[in-house]
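The values are calculated or read from the model by the stated rules, or taken from the named source; none is laboratory data. What you see is a predicted model; the values in this text were computed from it and never measured. Methodologically, a virtual Cβ is constructed for each residue, glycine included, from the backbone with ideal geometry; neighbour enumeration extends over all protein chains shown. Accessible surface areas use protein heavy atoms only, side chains included; no ligands, DNA or RNA. Shrake-Rupley method; radii C 1.70, N 1.55, O 1.52, S 1.80 Å.
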Amino acid sequence: MNELIMELTPAQVENYLRNHPEFFHQHLNLLEHLSIPHPTGSAVSLISKQLELFRSRHHDMENQLTALIEIARDNDASLNRMHKLTLALLDATTLEDAVANLDVVLSEYFLIDFVAVRIIKHHPDPATMTNLFIEPDSKDLEPFAGELAGNQPKCGRPTLAQARVLFGESAFEVKSCAIIPLAFTELEGILAIGSREDGRFHYSMGNLFLNQMSEIIGTRLINLLHERKI
């Protein structure tokens with residue numbers, strides 16, 4: 001028997017234990033004599049090592065669960081904010097109301113410091129809402145040529161020319177913003193949301209949320225423009 005045991009290779013022992021994980025249930029006394037190398041160089045019992053591995057896996061699973069819970073909470077919060085935005089726009093019966101409601105809901109629920117909407121369209125009544133419309137041939141559109149051509153939101157620090165067109169006297173306060181083209185069959189324009197924080201709108205941000213926001217706002221503005229018949 002001793003000669004047979006001496007002939008066993010480590011691979012054979014490993015294979016046997018893998019195929020018989022209950023082995024130590026019937027040979028508990030062996031656990032007192034077994035030890036395996038610890039990363040620090042000291043030796044620990046097999047049970048201690050197993051406990052260490054279980055704790056590590058449990059910790060990893062807890063971290064994954066916590067991350068999933070945080071993602072779910074963020075998604076719930078985002079859905080709630082988008083719901084508030086939709087209700088605010090539906091409640092508006094005029095363009096003036098829509099712009100005012102948009103400013104309120106983005107400030108209160110999205111914690112946005114600056115909001116700007118610019119519709120690229122000839123405005124027949126310059127006496128009202130002069131900041132909402134930009135003439136199609138206006139030089140004010142030149143700073144946004146890249147955004148309008150690419151038809152994709154752009155996040156980061158705006159140029160001074162962009163900030164002046166969008167935020168007027170508050171241009172120097174805007175440290176970061178999202179410039180979102182409004183490109184629809186019946187509406188062309190720009191939506192901008194700005195912050196006093198440098199990193200609030202970063203160039204690496206995803207566009208899904210911003211595109212959804214532009215679709216909701218753009219759709220409501222189109223309806224109000226039709227009702228206004230301009």
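Structure summary
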{"quantity": "Failed item in (1) of a type outside the set (D, E, K, R); (2) in contact with a strand residue (DSSP E or B) (Cβ under 9 Å, 6 or more places away or on another chain); (3) open to solvent by 20 Å² or more (accessible area, probe 1.4 Å); (4) under 16 Å from ILE120 (Cβ atoms), with GLY168 passing the rest", "calculated": "(4)"}
{"quantity": "The range 199-226 residues that are among the basic types (Lys, Arg) and outside any helix (DSSP H, G or I), paired with ones that are open to solvent by less than 50 Å² (accessible area, probe 1.4 Å) and modelled with pLDDT of 85 or more (beta carbon under 7 Å, 6 or more apart)", "calculated": "ARG200/SER176"}
{"quantity": "Residues that are surrounded by 15 or more Cβ atoms within 10 Å (Cβ to Cβ), over 12 Å from ILE120 (Cβ atoms) and among the acidic types (Asp, Glu), drawn from the range 181-203", "calculated": "none"}
{"quantity": "2 or more residues within 30 Å of VAL165 (Cβ to Cβ), within 23 Å of the chain's Cα centre (by Cα) and at pLDDT 90 or above: qualifying strands (runs of 3 or more DSSP E) within the range 33-123", "calculated": "114-120"}
{"quantity": "Residues within the range 204-226 that are open to solvent by less than 20 Å² (accessible area, probe 1.4 Å) and within 20 Å of PHE144 (Cα to Cα), tallied", "calculated": "5"}
{"quantity": "Given (1) under 23 Å from ASP76 (Cα atoms); (2) touching an Asp or Glu at 6+ places or on another chain (Cβ under 8 Å), index of the condition VAL165 fails", "calculated": "(1)"}
